[in-house]
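Okay, so here's the structure we're looking at.
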Amino acid sequence: MQSVLNTVKGTALNVAEYLTPVLKESKFRETGVLTPEEFVAAGDHLVHHCPTWQWAAGDETKTKPYLPKDKQFLITRNVPCYRRCKQMEYVGEETLVEEESGDGGWVETHQLNDDGTTQLEDKICELTMEETKEEMHTPDSDKSAPGSGAGAEDEDDDEAIDMDDFEESGMLELVDPAVATTIRKPEPEAKASPVAAASGVAEASGDSVLHTRTYDLHISYDKYYQTPRLWVVGYDEQRKPLTVEQMYEDVSQDHAKKTVTMESHPHLPGPNMASVHPCRHADIMKKIIQTVEEGGGQLGVHLYLIIFLKFVQTVIPTIEYDFTQNFNMS
């Protein structure tokens, strides 16, 4: 049902964008929006400071007349994505604490045991220091060593050995630090835990390679919202396109199928791509501009896309694309 609503909404917005006149006068500081000229200026700044981003022309039949033909949208390719968003979420038991309001109450993610302690505390208390598993070996370490115990104590009471006799006996060569080696004692094999057995770890099958997804990211100009818009398309380790559900695995669950929807690309033909909806971009940018000005600073419009990529990272936190310059709001 949600996908149907998104499709209807997307069609209506395409019509509205077509009817919306191109913004000519800058309203960046007042409302956080961009003119096409400001979008190009911000894109040039991004390409200059982060060369992994490049301008693209797109399909000629979808060229927007209000943008230069060779600067229709921005693109960066092969951005790594090492893990899924679910791997970043807290996994544990939750307890409903309060349910007086209609919002369903709130939950407590850490529970106490019957004795008032937490499981984590018990695990910490069970930690013990093991004896060292390393010992020093020398080429002559397998030979019988001098007596120990009571005999050793008796030797302490004996007279000092003459150094000439000690040298002639060859005992100076017994332990040579230059040939000493550290050998680790083999550990007894332990049974694999049920969790490790169920997880299907790659090392168990001899495959220790980390299979990494990659994404191509596009930034277009949305004429209706007058802001940048981010598009993503993902590939597996064989460079095969990911399915829609697989791409949603790399989107924050708070935004999947809501803020991030599948829509047609404004400059490219083919199947729909995942897009971060731009309905809130101008409001967020306006708040950032106000915060900077309250701190005595001034935010130039050329930094728009640098900042845009940083706050959109919350929607796709596992796609590691933001290697742009740092930005200080104070």
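The values are calculated or read from the model by the stated rules, or taken from the named source; none is laboratory data. In this text the structure is predicted, and so the values were computed from the model without any measurement. In this analysis, Cβ positions are derived from the backbone assuming ideal geometry, glycine residues included, and neighbour counts consider all displayed protein chains. The area values use the complete protein model at the heavy-atom level, side chains included, leaving out ligands, DNA and RNA. Shrake-Rupley method; radii C 1.70, N 1.55, O 1.52, S 1.80 Å.
Quick notes on this structure:
- Cβ-defined net charge surrounding residue 35, 10 Å radius [Lys, Arg +1; Asp, Glu -1]: -1
- Amide H to amide H distances under 5 Å link residue 222 with 227, 229, where only residues 5 or more positions off or on other chains count and H is placed in the peptide plane.
- Which listed pairs, of 71/240; 86/257; 24/287; 71/286, have C-alpha distances above 20 Å, in listed order: 71/240; 24/287; 71/286
- What the phi angles of region 252-265 give under the Karplus curve with 6.51, -1.76 and 1.60, with θ = phi - 60°, is a coupling list of 3, 5, 6, 10, 4, 6, 10, 6, 9, 9, 8, 9, 6, 6 Hz, glycine and proline written as x.
- Portion, in percent, of the accessible area of region 245-330 that falls on carbon or sulfur, probe 1.4 Å: 50 percent
- In sequence order, calculated HN-Hα J values of region 307-312 (Karplus, 6.51, -1.76, 1.60; Hz; x Gly/Pro): 6, 4, 5, 6, 7, 6
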